[in-house]
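Engineer: I'd like to ask you about the structure that follows.
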Amino acid sequence: MGFGVRRGDILAVDENKTFVIERQDTLRQIPSIFTITANLSLDPPAIDVELMEHKIVIKLSPENYNRYLQLRQDANLRPLLNAAIVLPALVYVLDQINPERCSPEELGEREDQKWFRVLRRKLEERGVRLDSEQGFRGETAVNLASRLIGNPLSAGIESILSLVENED
């Protein structure tokens, strides 16, 4: 014997419970602005970057993407993947929004893009203002990108050392 359930039907009743949901501010999380996908175009490069409306899309060749999917399962390898994939993509993005190369109008056109707002906020937290003539305050895009995502090179080297020590 069966019965039908329609949208909006009450299925059960329980006493009232209160719980707190902590809102997670996505503007605080740099990884939330990246998406890593396979580049399915004809003869794709090993890595490419597209600046979409909400995300920075990192496109890997199908071979690299499949390897990435395998390697990201190992927590020890994630810092290496960040250093090899996210860091160069972020350097590219910072170069695209560097106030020394972009006009205020060009930067203003990116204001609707979530990734831009996130990066602008993160940069401002580090004393870098995109509306300033000082640009990145003499800091290179590589150094700035590394600081923004938690110095993945050092973490990656530590991971390698840990893996090597565990093999011995």
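Engineer: What is the number of the single condition among (1) in contact (Cβ under 8 Å) with a residue 60 or more places away in the chain; (2) closer than 19 Å to Arg78 by Cα; (3) basic (Lys, Arg) that Arg121 does not meet?
Structural biologist: The failed condition is (2).
Engineer: Scan the range 147-160 and tell me whether some residue there is more than 15 Å from the chain's Cα centre (by Cα), assigned to a helix (DSSP H, G or I), farther than 28 Å from Asn66 by Cβ and of a type outside the set (Val, Ile, Thr).
Structural biologist: First pass over the range 147-160, keeping only residues more than 15 Å from the chain's Cα centre (by Cα): 153-160.
Now drop any that are not assigned to a helix (DSSP H, G or I), which leaves 153-160.
Then drop every residue that is not farther than 28 Å from Asn66 by Cβ, which leaves none.
No - not one qualifying residue is present in the range 147-160.
Engineer: Note down all Cβ pairs under 7 Å where the first residue falls in the range 102-113 and is more than 11 Å from Asp131 (Cβ to Cβ) and at pLDDT 90 or above, the second is loosely packed, with under 12 Cβ neighbours inside 10 Å and not charged (D, E, K, R), and they're at least six residues apart or on different chains.
Structural biologist: none
Engineer: Would you confirm, using the coordinates I've provided, whether Arg67 is at pLDDT 90 or above and of a type in the set (Lys, Arg)?
Structural biologist: Values: at pLDDT 90 or above: yes; of a type in the set (Lys, Arg): yes.
Yes.
Engineer: Take the conditions in contact with a helix residue (DSSP H, G or I) (Cβ under 7 Å, 6 or more places away or on another chain), within 19 Å of Phe34 (Cβ to Cβ) and not hydroxyl-bearing (Ser, Thr, Tyr) and apply them to Leu81. Does it pass?
Structural biologist: Working: in contact with a helix residue (DSSP H, G or I) (Cβ under 7 Å, 6 or more places away or on another chain): yes; within 19 Å of Phe34 (Cβ to Cβ): yes; not hydroxyl-bearing (Ser, Thr, Tyr): yes.
Considered against the rule, which asks whether it is in contact with a helix residue (DSSP H, G or I) (Cβ under 7 Å, 6 or more places away or on another chain), within 19 Å of Phe34 (Cβ to Cβ) and not hydroxyl-bearing (Ser, Thr, Tyr), Leu81 comes out as yes.
Engineer: Could you please tell me which pairs satisfy a Cβ distance under 8 Å, a separation of 6+ or placement on different chains, a first residue in the range 52-74 that is on the phi < 0 side of the Ramachandran plot, and a second residue that is exposed (fewer than 12 other Cβ atoms within 10 Å of the Cβ) and at pLDDT below 95?
Structural biologist: Glu53/Asp112; Pro62/Leu40
Engineer: While we're on this one: Please enumerate the residues belonging to the range 58-83 that are under 14 Å from the mean Cα position of the chain (by Cα) and buried (at least 18 other Cβ atoms within 10 Å of the Cβ).
Structural biologist: Quick first cut of the range 58-83, residues under 14 Å from the mean Cα position of the chain (by Cα) only: 58-59, 78-79, 81-83.
Hits for the range 58-83 are Ile58, Lys59, Pro79, Leu81, Asn82, Ala83.
Engineer: I've got another one for you. Quick one: would you say Val93 is within 12 Å of the chain's Cα centre (by Cα) and either surrounded by 10 or more Cβ atoms within 10 Å (Cβ to Cβ) or at pLDDT below 85 (or both)?
Structural biologist: yes
Engineer: Now for a separate question. From Glu133, Glu158, which residue is among the charged types (D, E, K, R), more than 24 Å from Val57 (Cα to Cα) and in contact (Cβ under 8 Å) with a residue 60 or more places away in the chain?
Structural biologist: Working: Glu133 fails: in contact (Cβ under 8 Å) with a residue 60 or more places away in the chain.
Sole residue among the options that is among the charged types (D, E, K, R), more than 24 Å from Val57 (Cα to Cα) and in contact (Cβ under 8 Å) with a residue 60 or more places away in the chain: Glu158.
The values are calculated or read from the model by the stated rules, or taken from the named source; none is laboratory data. Note that the structure is a prediction, hence the values are computed from the model and not measured. Counting neighbours? That spans all protein chains shown, and the Cβs are built from the backbone with ideal geometry, glycine included.
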